[in-house]
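S.K.: Quick one: this structure, given as structure tokens, is what I'll be asking you about.
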Amino acid sequence: MATVEDRQFRVEPFPGGTPGNQRLVEEGRLPDYDVVGTRPIRHDGTDKVTGRARYGADIKLSGLLQGYVLRSPHAHARIVSIDTSKAAEVPGVHAVCTNADMPSADHRAGDLGEGIVDWYHLNQNVLANDKVLYTGHAVAAVAADSVHIAEEAARLIEVEYEVLPPVLDVREARGADAPVLNDDVRTDLQPAGETGDTPTNVAKHFHYEKGDVDAGFAAAELVIEREFTTETVHQGYIEPHTATAFWSPDGKITVWTSTQGSFMIRMQVAELLDVPISKVKVVPMEIGGGFGGKIAVYLQPVAAVLSKLSGRPVKLNMDRSNVFDATGPTPGSYMKVKIGVDAEGKITAGEAELLFEAGAFPGSPINPGCMCVFACYDVPNGRIDGYDICVNKPRTNAYRAPGSTHVALATETIVDEICEAQGICPVEFRLKNAVKEGDERVDGVTYPPVGMWETIKAVELSDHWQSPLEGPNRGRGIASGFWFNFGGNSVVAATVNEDGTVSLIEGSTDIGGSRASVAMQLAEILGIAAEDVTPTVVDTDSIGHTDVTGGSRTCHATGLAAIKAAEDIQAQLCQRAAMLWDVESEQVEYGDGATLTGPEGKTISFQEIAGKLTQTGGPVVGRGSVNADKHGGAFGTHIADVEVDPDTGKVQVLRYTVVQDVGTAIHPSYVEGQMQGGAAQGIGWALNEEYHYGDDGRLHNASFLDYRIPTCYDLPDIETIIVEVPNPGHPFGVRGVGEVPIVPPPAAMANAIFRATGVRMRSLPMSPPKVLHELLSSDG
Amino acid sequence: MAKQRIVSTSINGNPVEFLAAPRQTLLEVLRDNLDLIGTKEGCSNGNCGACTVIFNGRPVDSCLVLAVEAEGGELETIEGVAPTDGLHVIQDAFLGQAALQCGICTPGFIMSTKALLEENASPSEDEIRFHLAGNLCRCTGYDKIVRAVQQAAEGVTN
Amino acid sequence: MPRVHIPAPARDLTGGEVELELEATSVRRLIGALDERFPGFADRVLEDGELKPGLRVAVDGHVSAMGLLAQLEPGSQVHFLLAIGGG
Ligand code: FES
Ligand code: FES
């Protein structure tokens, strides 16, 4: 077999896109599909461009009450008492609740599929009764005839606090004299280590080791060790959190909400309210962005409790400041990373110490951070220690490739420094060190076929890399990144209609066009048009358990379920045709062009047989149910051109290209959209976004005015190059797409800033004051 | 609550009268009193553009307008954009260019685009980006939105 | 025989051994065999007879959906990992 190095590639426009949308093609290998790889109009599109689509806040019910949540003004305090009596007396108020109105929770770990949650901590996060651990921590809630009445009443609730000193920095929080946030937290050494016995803020310590690290560094010609910091940032979805609940007299709770995972909401609500899951129905509304931040419950159990107390449906909406104060974010971090290379520029060893903010309760993405830090490169000897540390900030949640963006800043800028010191081209260095099938990560896992090398190859061949960048204060940087992706549980049911179309129902909420990409996979198997499939996302009573729309899993796993459902339909239709023709069903084949063929040249089309179902035994429903576990990882490499204003430190992005191995692009427009959107978030994280806290632990910039996400005027066109190294774990080769594009941008920007100015930025965000400070100190 | 007032206005070409308390924003009244839920709320303080409507020919953040200020004015919301027999060219362009992912920002972008193209039928890319900078989208990175506005501009001029 | 990778924090039990070959046809049996050879190993990975919350088993580089029930082939590679939450 030819080695990867002798294969011939070219970069060309991806059909149907704009000139900036390209793909890497290997000579002699082009995928051949009818529906996969085309760009149909998404099925839910018309509703979304006409304002008819109903999101979480759009639900209307008769007798609906509006609620308001009272939140802590302190970053760290013990709750001495809560007196709600005055609020309850306000005319128009129908219910007031605190943690005392919820069942008490104990310290049990719940497994949410993609991670674990301690039910006591979640109970305390939803409504605190012991301590408040961040400003904005919820303590009580009111339901009333209008939100204004509820807000006025909530202000009459008297909460007595014993204010405690906050701790906001991970290095301080792990110190022996730091105030301890949760007296139940002990350091858990993972994987398969022992648990400590003293109260601490350090909830977890992950430790990975491979090879002989000291010998690896001893064999290196060049060793570079650097320290990095990043600040807390938010997912920044445009739709605030919202939940509406009705607790019916028959004991059934219905929750209307926008979420990434209706089944995860069902599980959390049931557990926190101590009712069986079958008593909770979650109706997923359209969701206005999530990026990992709409998996945990905040408002849903509170709305349900208020409904129980009032006997009426209750809606709770967060405003934007609540969203910043109390949801999300992804951790700030401190990282120390060291890499050694030999004289030929091959990595000999790597070492990392990573400290991530957990926020109020344990649960930062430190473990994936550890597993991603050297994931792009073949590192023969490595040692990684990662710590999950509680601080007085909101409980952190997943944010697109959680943990990987942090660590890529460290590794990828050190790699750039090595290239600079050794005089090696950054593309060549990455081609030489890129992981390939069979390489082992520091955590011991070996890679299946992956496309890291191919993404670098595409960079090398791209117009962007080959076009010179000229002018003062300008520079070009590249950086790579990795994300695991995920498989998990998905269910699809597909009914054949008499007119030859298919109605598909699924449990995956659609955040970015997944209805279309799931329907297209069913259409491809059946040989019908994507437009002849009608996909609908249904509630938790109407389909089987489906994991979150997250982890870049939906197109892969729910797609697999759709493929299975399509195959089930094919098998059933073959039986029907056999019945019509009076032959054995093994003699019938479901062939190309949606035609069934039998012996003696008999044929019948999908459309025709769809019209004969009631005469041949009744409607046909195809079922697909999977717990997918061969999702394959994703790699991306980005190219950034920047210009740095030497007087202000402002960084302008001049040109930006995202290269990514997606396995196979089902709907290229939405694949490109994920690549572009992820890159934009990464650029915002790189240049601007950060939580500003006062020493008292108060968040100072809880608005889109002061927490500034990129606008269209801040960004250039974002070019894309889709690389398709098929994932053997999926019939069409789909890998996940959504997460890895956020990983490389901060490092790519930092490397570009260095090439523009000679200054290495090792702290995010690289905002004008910080860049200017570095520029001035390097001059001095 | 303070006394409600009757406000007379025109919405999407139809005369409408509604009751509003002095503290209520136009956004709140559109969504809660008039069931025009296509106008979205992202921040309630004028920073995201999800609530954009056209008020007397100009795009405004409806969360920053008091409902009583609509007295005697002409309002256009996302519900009034499509003709009865199909979609507006801007809506077609947003669909064709896949310019939306979650779609929560889309009504606001369409209203801002409509206002832009009514004022400047063939804007440059820089003008498009400048004009739309008050509308935030967290999903798309804006590239496909800009393409959609360019496509719509061609449709408007042709 | 399947090969099992011992996580670094559990190498105190295996005397520093990183990779072992053990006769076993399922992950559950593999853990039993490990515990026999290195007493205390099962306590590090099991709780009430199930994998500890959040702990996962990867077979041949893929986190298995079957956990303890995952079947092993003679050449299977087994890793213990923590669940990874995506966004
Ligand atoms: S809701 Fe009006 S600008 Fe954000
Ligand atoms: S499409 Fe989600 S915010 Fe724009």
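The values are calculated or read from the model by the stated rules, or taken from the named source; none is laboratory data. Everything quoted here is computed from the prediction, not taken from an experiment. All Cβ positions, glycine included, derive from the backbone under ideal geometry; neighbour counts span all protein chains shown. All accessible areas refer to the heavy atoms of the entire protein, side chains included, with ligands and DNA or RNA removed. Shrake-Rupley method; radii C 1.70, N 1.55, O 1.52, S 1.80 Å.
S.K.: Can you give the mean number of other chain Cβ atoms that lie within 10 Å of the Cβ atoms in peptide C:50-61?
M.R.: Partner-chain Cβ atoms within 10 Å, mean over residues of C:50-61: 5.
S.K.: At 1.306 mPa s and 10 °C, plugging the Kirkwood radius over alpha-carbon pairs of segment A:104-166 into Stokes-Einstein gives what diffusion coefficient in µm²/s?
M.R.: Values: Rh = 14.0 Å.
Translational diffusion coefficient: 114 µm²/s.
S.K.: Per-residue HN-Hα couplings for segment A:56-72, Karplus 6.51 cos²θ - 1.76 cosθ + 1.60 at θ = phi - 60°, whole Hz, x for Gly and Pro?
M.R.: Here the 3J(HN,Hα) series is x, 6, 8, 6, 10, 9, 6, x, 5, 9, 10, x, 9, 9, 7, 10, 6 Hz.
S.K.: Any idea which of A:Met285, A:Asn123, A:Val69 is furthest toward the positive side of the dipole for the protein assembly as shown, if Lys and Arg beta-carbons carry +1 and Asp and Glu beta-carbons -1?
M.R.: The one lying farthest along the dipole's positive direction is A:Val69.
S.K.: Enter the mean number of other protein chain beta carbons within 10 Å of the beta carbon of each residue in A:113-121, as an integer.
M.R.: Details: counts 2, 6, 7, 7, 3, 1, 0, 0, 0.
What the average comes to for A:113-121 is 3.
S.K.: Moving to a separate point now. What is the Cα radius of gyration of chain B over 2.2 N^0.38 Å, N being its residue count?
M.R.: 1.03
S.K.: Taking every alpha carbon pair in segment A:488-628, what does the distance histogram look like in 5 angstrom bins from 0, in percent?
M.R.: 2, 11, 21, 22, 16, 12, 8, 5, 2, 0
S.K.: Helix-only mean residue ellipticity at 222 nm, chain C, DSSP H runs n ≥ 4 weighted -39,500 (n - 2.57), per residue, nearest 500. What is it?
M.R.: -5000 deg cm²/dmol
S.K.: Here's something else I'd like to know. When the Karplus curve 6.51 cos²θ - 1.76 cosθ + 1.60 is applied with θ = phi - 60°, which whole-Hz ³J(HN,Hα) does each residue of segment B:6-21 get, with x for Gly and Pro?
M.R.: Result, ordered by residue: 7, 10, 10, 8, 10, 10, 6, x, 10, x, 9, 10, 9, 9, 9, 7 Hz.
S.K.: Ignoring everything except DSSP H segments at least 4 long, calculate the 222 nm mean residue ellipticity for chain A; use -39,500 (n - 2.57) per segment, divide by total residues, nearest 500.
M.R.: -7500 deg cm²/dmol
S.K.: Lys/Arg Cβ at +1, Asp/Glu Cβ at -1, dipole of segment B:5-80 taken about the Cα centre: which of B:Cys63, B:Thr9, B:Leu30 is farthest positive-ward?
M.R.: Towards the positive end, the residue furthest out is B:Cys63.
S.K.: Let me ask another. Go from 0 up to the bin containing the longest alpha carbon distance in segment A:379-486, width 10 Å each, and give me the % of pairs per bin.
M.R.: Per 10 Å bin, starting at zero, the Cα-Cα P(r) for segment A:379-486 comes out as 10, 35, 34, 16, 4 percent.
S.K.: Using alpha carbons only, how many angstrom separate the centre of segment B:1-57 from the centre of segment A:669-734?
M.R.: Computed from Cα coordinates, the inter-centre distance equals 32 Å.
S.K.: Suppose every K and R has +1 on its Cβ and every D and E has -1 on its Cβ; what is the size of the dipole of the protein assembly as shown about the Cα centre, in Debye to the nearest 20?
M.R.: Details: 81 positive and 138 negative charges, 291 e Å.
Its charge dipole is roughly 1400 debye.
S.K.: In square nanometres, what is one fourth of the surface area of the convex hull spanned by the alpha carbons of segment C:3-82?
M.R.: For segment C:3-82, averaging the hull's shadow over all directions gives 4.6 nm².
S.K.: Let me ask you something else. What is the interface area between chains A and C, defined as buried accessible area summed over both chains with a 1.4 Å probe, reported in Å² to the nearest 100?
M.R.: 2600 Å²
S.K.: Out of the total accessible area of segment A:488-628 (probe 1.4 Å, heavy atoms of protein only), what percent is carbon and sulfur?
M.R.: Result for segment A:488-628: 45 percent of the exposed heavy-atom area is carbon or sulfur.
S.K.: While we're here: Output needed: percent of Cα pairs per 10 Å distance bin for segment A:85-140, bins running from 0 to the one holding the longest distance.
M.R.: P(r) over segment A:85-140, rounded to whole percents: 21, 39, 29, 9, 2.
S.K.: Within chain A, what's the longest stretch lacking chymotrypsin sites (Phe, Trp or Tyr not before Pro) that sit in DSSP loops with no more than 15 other Cβ atoms inside 10 Å? Kindly include the intermediate steps, with their values, before the conclusion.
M.R.: On the way: sites that count: A:Tyr33, A:Tyr713.
Here the longest run is A:34-712.
S.K.: Could you state the number of Å between the C-alpha centres of segment A:331-345 and segment A:509-576?
M.R.: 42 Å
S.K.: OK, next. Using alpha carbons only, what's the Rg to Rh ratio of segment B:74-158 with Rh from Kirkwood?
M.R.: On the Cα set of segment B:74-158, Rg over Rh gives 0.92.
S.K.: If I model a spin label as a point 7 Å beyond the Cα along the Cα-Cβ vector, how far apart are those points for A:Glu225 and A:Thr595 in nm?
M.R.: Going from the A:Glu225 label point to the A:Thr595 one covers 7.1 nm.
S.K.: Over chain A, calculate the relative contact order: mean separation of alpha carbon pairs under 8 Å at least 6 apart, over the residue count, as a percent.
M.R.: Relative CO of chain A lands at 15 percent.
S.K.: OK, next. For the pair A:Glu531 and A:Ala571, what calculated FRET efficiency results from E = 1/(1 + (r/R0)^6), where r is the Cβ-Cβ distance and R0 = 22 Å, to the nearest 0.05?
M.R.: The value I calculate is 0.35.
S.K.: Span-like helices, chain B: DSSP H, alpha-carbon axial extent 18 Å or more, mean Kyte-Doolittle -0.5 or greater, which ones? Don't skip to the answer; put the middle values down first.
M.R.: Values: long enough: B:106-119 (20 Å, 0.25); B:143-157 (22 Å, -0.07).
Helices meeting the criterion: B:106-119, B:143-157.
S.K.: Using modelled amide H (1.01 Å from N, peptide plane; none on Pro or chain starts), what sits under 5 Å from the amide H of A:Ala140, excluding residues fewer than 5 places away?
M.R.: A:Leu70
S.K.: Let me ask something additional. Principal axis extents for segment A:570-706, Cα atoms only, whole Å, descending order, please.
M.R.: Here the spans come out as 83, 37, 27 Å, largest first.
S.K.: List the GluC sites (Glu not before Pro) within segment A:564-619 that DSSP assigns to loop and that have no more than 14 neighbouring Cβ atoms inside 10 Å.
M.R.: Sites meeting the loop and neighbour criteria: A:Glu584.
S.K.: Same structure, new question: More than 17 Å apart: what percent of Cα pairs in segment B:5-80 qualify?
M.R.: Within segment B:5-80, distances greater than 17 Å cover 33 percent of Cα pairs.
S.K.: Between B and A, buried accessible area summed over both sides at probe 1.4 Å, in Å² to the nearest 100? Don't skip to the answer; put the middle values down first.
M.R.: On the way: alone 8350 and 28700 Å², together 32710 Å².
In total, this chain pair buries about 4300 Å².
S.K.: Excluding A:Leu715 itself, calculate the net charge of residues whose Cβ lies under 10 Å from the Cβ of A:Leu715, where each Lys or Arg counts +1 and each Asp or Glu counts -1. Don't jump to the answer; show the numbers that get you there.
M.R.: Values: positive: B:Arg129; negative: A:Asp714, A:Asp717, B:Asp143.
With Lys, Arg at +1 and Asp, Glu at -1, the neighbours total -2.
S.K.: In whole Hz, what ³J(HN,Hα) sequence does segment B:44-54 give by Karplus (6.51, -1.76, 1.60; θ = phi - 60°), x for Gly and Pro?
M.R.: 6, 9, x, 10, 10, x, 4, 9, 4, 10, 9
S.K.: From the P(r) of the protein assembly as shown, can you give the percent of Cα pairs sitting at distances over 60 Å?
M.R.: Percent of Cα pairs beyond 60 Å in the protein assembly as shown: 7.
S.K.: OK, next. Projected area of segment A:141-233, taken from the Cα convex hull and averaged over every viewing direction, in nm²?
M.R.: 11.8 nm²
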